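Everything on this sheet refers to the single structure shown next.
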Amino acid sequence: MAAPVPAVATGHHQPALDLDAATIPQLQGLMKHGRLSAVELTDAYLQRIQKIDPKLHAVIAVDPTALAQAAASDRRHRSGHTRGPLDGIPVLLKDNIDTKHLITTAGSRALLDEPPAEDATLVRNLRDAGAVILGKTNLSEWANYRSTHSTSGWSGVGGQTNNPYVLDRNPCGSSSGSGAGVAASLAQVAIGTETDGSIVCPSGANGIAGLKPSLGLVSRTGVVPISAEQDTAGPMARHVIDVAITLGALQGRDKSDPATLAYPKHQPTDYAKLLRPNALHGARIGVWRQAGVDSGVDAVCQQAVDVLRAQGATVIEVDLPDQDEIGTNEGAALLSEFARDLPAYLKHRPAAPQTIAALVAFNEQDPVELSKFGQELFEQALTAPSTDDPAYQRQRATATSLARHAIDDTLARNHLDAIMSPTNSAAWLTDYANGDAFELGSSMNAAVAGYPDISVPAGYDGDLPIGISFFGGHWQDARMLSLAAAFEKANPVRHAPRYLPSTG
């Protein structure tokens, strides 16, 4: 079965543009020379959503103003007053990101009644950069923070998102619609959010690149929260350069989000200019293999190590300490933080239930919400210690301190530029009876520490993508992007999905 090529005509008898392969700089070059308009590009993506998304259920809602946004971008292009490299580029937003006059539900039917009154800060930043807001993507409901036995990619609003490579396989959560939608060329870029793994895992499982930025680079104002100590939004795309360009537009200080006031004054904004094709040459990369869990992952990881060495990197085998203790303390702390942060967000959504207890009651009465799995985490949050409780404060301090030491000390002891580790094992069968069959990941340390983590395609286990992640020290986003871009260039393994019904 041949992979379908997503294409759009470029006019002037030029060959059709392969959307899967096209990068933002290539698209901007075509628009600059009048060979492609933002309206044509946006319409091509809208047509793909209409044609392809019934197989995936990656998109919850399409913005009815998308073509008007694109037409405004075309006027800016014709007048020579474009707003930067994102001008006219279609972007999908995870449906836990507030979008004025457009559905924002976190996947929950409890938030269907009334859209947000204002855009999230990051959405305003995208609009200011000229991006076309194409629509909203499905997600694991409440960013996968409702049940201890959940199935990633399912929400009461959007149903089940499928992995575009093999449709009965899971897209991983919680930015599942963003990952599957980008992989299927339903938009050039999507925005996901992560508390722990929810950008990098769907990026790895769907064969795309995705960056969880350093905590504080991107404002969380207007994003449905789990924890202010770990939450961040970040870009997901088929190409690392598109991730880099989008991060520059997302980034910005916001007085309503104190974390954004902490990033260094010298932090770059044009990350694409800092990508170096030879960034791996002379780099020292620690490899945390997590070997023996999955033979397919082991094989891809070894291939990645071979690429690093062929590109002139020095590879040092490492192992990160205290993983069980970090995970135990993180899990306990997140319950208290969720109990604090979600009700604070709900105050800005007056038509919705205003407390977690009210959400629990809503779900118990709703015919859809508890049809696949329960709400154990919501129920545990009702009795979690407050964030003023010394026990909670010890848990958070322990988790964050150990995670930072695990990365910082490993980097320093071995004089490393970054740590590389498998992002994911092959996508599991979607199974509501047993929930997610998660076996392997590397997101926790960077997520708890608030450090940057980028996944990039590395290979396949059969038909299913495997990603590897580069993570490093605080505010080292530019370095991680450059290493990932160099790896992507040296190891161009990614191919478009084939929408296979099953691997059987």
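Below are the figures for this structure:
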read-out: Net charge dipole size for the chain [Lys, Arg +1 and Asp, Glu -1 on Cβ; Debye, nearest 20]; value: 1860 debye
read-out: Coil-residue GluC sites (Glu not before Pro) of the range 361-465, DSSP, other Cβ within 10 Å capped at 13; value: 439
read-out: Loop-resident sites, the range 303-375, for trypsin sites (Lys or Arg not before Pro), counting at most 15 other Cβ within 10 Å (DSSP); value: 347
read-out: Approximate spin-label separation residue 75-residue 269, in nm, with each point projected 7 Å along Cα-to-Cβ; value: 2.5 nm
read-out: Contour excess over end-to-end distance, with Cα ends at residue 67 and residue 83 and 0.36 nm allotted per residue; value: 4.0 nm
read-out: Taking the chain and dividing mean pair separation by its residue count, relative contact order in percent (alpha carbons under 8 Å, at least six apart); value: 18 percent
read-out: Net lengthening on full extension, residue 114/residue 412 (0.36 nm per residue, minus Cα-Cα); value: 102.3 nm
read-out: Surrounding net charge for residue 25, when Lys and Arg each add one and Asp and Glu each subtract one, Cβ distance under 12 Å; value: +1
read-out: Computed helical MRE - 222 nm, the chain, DSSP H runs ≥ 4 contributing -39500 (n - 2.57), nearest 500; value: -11000 deg cm²/dmol
read-out: Whole-percent carbon and sulfur share, accessible surface of the chain, 1.4 Å; value: 53 percent
read-out: Viscosity 0.692 mPa s, temperature 37 °C, Stokes-Einstein D of the range 288-352 from Kirkwood C-alpha radius, µm²/s; value: 206 µm²/s
read-out: Principal axis dimensions, the range 374-499 - Cα atoms, whole angstrom, descending; value: 50, 45, 20
read-out: More than 45 angstrom apart: percent of Cα pairs within the chain; value: 6 percent
read-out: Pairwise FRET efficiency - residue 253 versus residue 431, Cβ, R0 = 41 Å, nearest 0.05; value: 0.40
read-out: Inter-probe distance in nm under a simple model that places probes 7 Å from Cα toward Cβ, at residue 351 and residue 365; value: 1.7 nm
read-out: The range 352-367 versus the range 114-133: alpha-carbon centroid distance in Å; value: 28 Å
read-out: Using θ = phi - 60° and Karplus 6.51 cos²θ - 1.76 cosθ + 1.60, couplings along the range 290-302 (whole Hz; Gly, Pro as x); value: 6, 5, x, 7, 8, 5, x, 5, 4, 5, 5, 4, 5
read-out: Extension gain (nm, one decimal) between residue 440 and residue 26, 0.36 nm per residue minus Cα-Cα; value: 145.5 nm
read-out: Distance from the range 445-504 to the range 401-427 (C-alpha centre basis), Å; value: 15 Å
read-out: Å² of accessible area per residue within the range 366-437, as computed with a 1.4 Å probe and no ligands counted; value: 46 Å²
read-out: Percent RCO, i.e. relative contact order, over the range 59-158, from Cα pairs under 8 Å lying at least 6 residues apart; value: 36 percent
read-out: Cβ-Cβ FRET estimate between residue 358 and residue 55, R0 fixed at 30 Å, reported to 0.05; value: 0.25
read-out: For residue 425, residues with placed amide H under 5 Å, excluding near neighbours; value: 439, 440
read-out: Spatial separation of Cα centroids for the range 240-277 and the range 302-351, in angstrom; value: 20 Å
read-out: Cross-link partners of residue 265 among aspartates and glutamates (Cα-Cα below 18 Å; sequence separation of 8 or more within a chain); value: 254, 257, 477
read-out: Listed residue (442, 279, 184) projecting farthest to the positive dipole end of the chain, Cβ model; value: 279
read-out: Net +/- balance of residues flanking residue 340 in space, Cβ distance below 13 Å, scoring K and R +1, D and E -1; value: -4
read-out: Percent RCO, i.e. relative contact order, over the range 231-272, from Cα pairs under 8 Å lying at least 6 residues apart; value: 40 percent
read-out: Among beta bridges that DSSP assigns inside the chain, antiparallel share in %, nearest 5; value: 70 percent
read-out: The range 346-378 residues near the modelled residue 388 label - backbone nitrogen below 19 Å, point 7 Å along Cα→Cβ; value: 356
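The values are calculated or read from the model by the stated rules, or taken from the named source; none is laboratory data. Computed from a predicted model, the values in this text were never measured in an experiment. Virtual Cβ from ideal backbone geometry, glycine too; neighbours counted across all protein chains shown. Please note that ligands, DNA and RNA were not included when accessible areas were found on the heavy atoms of the full protein model with its side chains. Shrake-Rupley method; radii C 1.70, N 1.55, O 1.52, S 1.80 Å.
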